[in-house]
Each structure stands twice: as structure tokens, then as C-alpha cells.
1. How many residues, within region 177-214, are at pLDDT below 85, over 39 Å from the mean Cα position of the chain (by Cα) and among the hydrophobic types (A, V, I, L, M, F, W, C)?
2. Scanning region 210-267 for residues that are open to solvent by 20 Å² or more (accessible area, probe 1.4 Å) and among the hydroxyl-bearing types (Ser, Thr, Tyr), which turns out farthest from residue 30 (Cα to Cα)?
3. Just checking, does region 424-446 include any residue being over 25 Å from residue 359 (Cα atoms) and modelled with pLDDT of 90 or more?
4. Would you tally the residues in region 455-486 being touching a strand residue (DSSP E or B) at 6+ places or on another chain (Cβ under 6 Å), at pLDDT 90 or above and surrounded by fewer than 20 Cβ atoms within 10 Å (Cβ to Cβ)?
5. Filter region 331-354 for residues that are in contact with a Leu (Cβ under 6 Å, 6 or more places away or on another chain) and among the acidic types (Asp, Glu) and give the result.
6. Considering each residue of region 110-136, count those that are among the hydroxyl-bearing types (Ser, Thr, Tyr) and either within 22 Å of residue 149 (Cα to Cα) or at pLDDT below 75 (or both), and give that number.
Amino acid sequence: MLILHYDYCALVVFLVIMLSMLIRKVIRGHTNRTFFIIVLLSLIASTADILSESLFVAAGLRLFFDYVYFLCMLFIPLNYALYVYASIGLWNHVIKQEKIWVVFSIPLVLCLITLVANLFTNCAFYINEDGTYMRGPLQVLLIICNFTYIIAGMMIILKWRKIISRERIVALVLMFPIVVISIVLQQINKGLEVTMFGLAISELIIAFTVQRVDENYDSITGTKNFDLALQDFKKVFLSNQNVDVIFIQILDQSTLRQLFGATSYNKLLKILSDEFIKILKNYESYCELYYLHTSTYAVKVESLESETVINLAQAIADRLKQPFLIEKISFSTNSKVCIVKVPEDIDNMDALLNFRYNFQKKLPDTPDAQILSKLMNSRDFKIQNDLSEIIQRAISNHNFQLYYQPIYSVKEKKFVSAEALIRLFDNKYGMISPAIFIPEAETSGAIHQIGDYVINSVCKFIAESDSTKFGLNYIELNLSVSQCIEPDLVSKFENAIAKYSLNPSQLNLEITETAENFNAKIMDSNIDRLHKLGFEFSLDDYGTGYSNIKRVTQLPIDIVKLDKSFVDDMDKPEMWSVIVNTVKMFKEMNKIILVEGIENQEALDAFINLGCDYIQGYYFSKPLPEKEFLEFLKNKNSVSE
């Protein structure tokens, strides 16, 4: 008597797995698609097995369902071997290997020949005159061929075990003993139909471990997540694959998040993901899309021509140039897209992750797709890539220099101060702009060492140059955001002025609008203590940040420095009105006003007529090294030694 309960249970398991994948729409990608095919074939095989044993089905149909069953059971282990390749990220690597396909085709061809021969010889199976299912002598061959693919899967796992997690290895390997045991039990007990049930248990284990859609996919974007990206790219490097990676980053994510709120911004991320999927649709067999957090995506591209990859990247860049609609508001994004070849451009996992975190800073500002290999030989890219090393080299080898830009007093009609500006001269790359190395130094923490160098060097210059005899009253010294909140900032200045016997009034400390809004409690304490010691303060680059006038009035700021952007836009009537009222406001607050960026006589006259107190800019002088600066003061202030 046949026991079909296990077949019914298997049928239910296959249905649940398949429906779960369809409902959650996780049939994209080689791994998901191959597993779905395995489950679908298993479902068909299980149904055919039940119908072939049914007494209510005619003998001819039962024989037909037997053929369906064996065909499915032939392709299930074949797809299992392919699934192993797909799950370890080697699908496109395999499809190029003709030897693998030749080896895989041999058992398949033997089984197909056996099944065709069975139509005429009953060599594998048949139904006798009593309607009883009978096994032929060559049915063993069908089973052996099936086991060949399962064993091949085991060998693949063994070969690539270093790039597969232990949990996945266990789940994939378990299919072998479970299926073997179920087949043996069925062969021993002719009436016990447990083969499909064993297969169902194996697939259920894989579904709960290897597949694990909830853990592998980002809940916001619906794409593969960062953790899965780490696993997949690790496999790429360990298996020495050649792939292209298209990195995509939305640069203005903070602004958009503040503008629309977190919920609406998450909708934007989903929209972006859907748009990228549309662009990649015709090549989805070769592409995997990942969301890497912080508004960054990556597309892993395998086995496509370079021209096709470039076209895909540019299509993504072109879509990002177009407006998006959120909450009935149309807006455009600021983004960067870059193609990286692995391992030609980047040959290890750490370097790839580092590029992912920093590529927006290292690449030129352009909305078009960029190719890393074409940028790598440029001076700017090399500097950005080596910036951390350059800064450390500058600290160790004393490659920093201070330049001084003179500041003109309208009232005294001479140069009474200067702004100290740091410069970096690297032996390999030459002069590097502060706009490049200062942000990196603030990020890495090197800004504290640089700041200490500036404080010491400026104090040393004032003391040793005897600059007062050249008419210099004080030097303006910039404090970075990070310096403003240093716990020992006050003691650093106390030690410096004591070391060089200076008066605090010989230094004017500049803070930016960004700094005055950064950790106000600590900064206020530092400023208050320094002010009590006799140091004066300037607010630098006024007009470039989000100014809080109330905060400005609360801080002991003596000088407000109007940013160069005011001068650049002075010809615009609306901006000139802003300038006039800004100067008037600060005058009424008894603030001293310094204008930066004066480059011609017209601008000089305009701001002097407004009542500005100090002028700084290339009209008078560019920043100068110490000796040239002192010579400048001597000549312009008509000082005789």
C-alpha cells in the first residue's frame, strides 16, 4: 500500500515557499531565480508523483506523469548545482566555462536517452497489466545521474568554502544526506513515498538560511542591502573575478532630508531604486543593485562590454539630472556616478570600502558618469587619494608654511594687521590648497596638530619679527570648528603667549559661522575664558552660513568679516540692498566691519563709502611669505629701519 501523506506535505511546503517568493517579489537575480526554478520543478514533480500513483487516473496518463516526474527530478539537481554557483556569486564566471557545461551535459544527455529508450523498452519504469508501477533495471542510472549533480554541488562548496559562511555551507550540504536518506528509505520500503518530502525539507532549510530575504534586502529601497554587498564583493575578490562597479551617491541628502522629512526622503530613495532597476532591466542577468546607506548605491556588473557599462552609468546619471516629484514638489538632486573596475582599479576589499566612503570628495564635480581609470592619473585625484598620507607627511617633515595677507585700515590709511593663512608644500605634489587639505584634516583629527603648529608659528613670528615697528598691531588667526571645542584650547594660548612674551591683544582669533553654531556650550566657555585673558574675536566669512544674529550679539565678537561673496554680487541691486542694510545693522551694534575679497578700485570705494573699517583683498596684496610680508609693510607703511 502506497503512503502518499509525505507527498502531500511536500506539495504544501513547495507551494508555501513559491507563493512567499512571489508575494515578496524576490525572483530577481540569478540566485533567487534559480531557487525559484528549483521550487517550481519540485512542485511539479510532487504533483506528478501524486497523480502517477492515483488509482483514479488512467494508466496512460499515469505513465505521462511518471515521465514528467523524472524529467523534473533530472533538472532539480542540475539547477541545484547552478544555484550553488549563483549563491556564491560565480554565476557569470560559470557561464563562460565551456568545460563545466560539457561535464554538466553528460548526465543530462544520458538520462534523456534513457527516458526516450524507456518509451520502447521499459528499461527504466513501466505500468504492468495490473496497473502497478514497476521499476526497470536502468532506473538506477537516473538516480546516479541525479546524484552526480548533487555531488558536483558538494564539490563546488568544498572548493569555494572560504567565501561561503558556515551557516550557508551547512544549509547547502544538508540537501545531500537528506535526499540520500529519503531515496534509500523509499527504495527499501516500496510503498513509502518520502523522496519529495526529503527534498521539501532541504529546500525549506535553504529558504530559511541561504535565501533569508528579510536580512538580505533593504526595507526602504527594496534593493540588496549593505551586508549582502559586503558578502558579495568579498566573494568577488576571493574568487579573482573581473567585475565593474557603478557607484552612485546623492550628495545633497542632508538638505533633502531636512526639506522633506525622513518619511518623504525614504520615498525618494525607493523612487531612485525603482528608476535604477528600470534602467538595468534589460541587463538584470548581469547586474546586481545594492543600497549602501547614506544615499549611496552600487551596481555590480558582470560579463558586459565596457561600452555597455558606460552607457548604463550614463543613463543613471542622465536620470538623476531630471527632476523628481515628492509631495507634489518637483526638485533635482546633486549626485555623482563613477565606474570602478575590479581588480584593475581597486584590488582589495578595504580599498573598495574606502572609495565608497570617500569617492564624492575625490571625484571632480560633474553630474555625468565618470570612469575611475581615466581619473587615476590626474594630479587632483592622486592628491585626494593620498591626502591623509600627505598631511601626516607634512606634520612629520614640517611642510606647512604660513603666509600673511595684509589688512588695510581705512581710518589710519595704512596696514595695521594681517590674516595668517596656512599653506602646504608637498615634495611630491607641490602646493596644496587649504580648501583641499583642511576638510580632510578636520575629518581625520589632524587639524589639532595643524592648529597647534599655526598658534606656535604665528606667536613666534610676532615675537621674532618685532612686527610692531612696521605698524602691525595684531595678527588674525583662524580657529577651526574642531579647535573651538578643544578642552585645552585656552591653556594652549596661555602657554604660547607666555613662551614668546606676547600680549593677548597681538592676536585676533577668527571663528566661522559654522563654528559659532557648533556645540555652543563648550565653545562659549572657551571664548569667554580667552576673552577674559584679553584676546579679541572676529566672525569670519559672514554671509556663507546660516547666521543667528542673536548668537552673534551674545558672543564677544569685535570684528565682523563680510565674505567675498558680498563683493562678487555687489552689482546686483538686491544684493547691494542686503549689503547696505547688513553694514548698517552691524554699525548700530558697534561692530567693526572688515570686507574680504576686494580686488578693484570700484569695490574699494563702494565699501569705504559704506563706512567699512578694514579692507582685505588682492587689490592690496595676495597672501605673502613672512619675509615678503614684512618687506611689504616696510614699503607701504613707509617705515624706515
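The values are calculated or read from the model by the stated rules, or taken from the named source; none is laboratory data. Quick caveat: nothing in here was measured; it's all calculated off a predicted structure. Please note: Cβ atoms are built from the backbone with ideal geometry, for glycine as well, and neighbour counts cover all protein chains shown. Accessible surface areas use protein heavy atoms only, side chains included; no ligands, DNA or RNA. Shrake-Rupley method; radii C 1.70, N 1.55, O 1.52, S 1.80 Å.
1. Matching residues across region 177-214 total 8.
2. Ranking the candidates gives 255 first.
3. no
4. 2
5. Selection gives 345 alone.
6. 3
The rows are residues; the columns are (1) aromatic (Phe, Trp, Tyr); (2) under 16 Å from residue 49 (Cβ atoms); (3) open to solvent by 10 Å² or more (accessible area, probe 1.4 Å).
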residue: 149; (1), (2), (3): yes, no, no
residue: 155; (1), (2), (3): no, no, yes
residue: 158; (1), (2), (3): no, no, yes
residue: 161; (1), (2), (3): no, no, yes
residue: 178; (1), (2), (3): no, no, yes
residue: 187; (1), (2), (3): no, yes, yes
residue: 196; (1), (2), (3): no, yes, no
residue: 200; (1), (2), (3): no, yes, no
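Conditions tested, residue by residue: (1) farther than 12 Å from residue 248 by Cβ; (2) out of contact with any Gly (no Cβ under 9 Å at 6 or more places or on another chain).
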| position | (1), (2) |
| --- | --- |
| 272 | no, yes |
| 279 | no, yes |
| 286 | yes, yes |
| 291 | no, no |
| 310 | yes, yes |
| 313 | no, yes |
| 320 | no, yes |
| 329 | yes, yes |
| 332 | yes, yes |
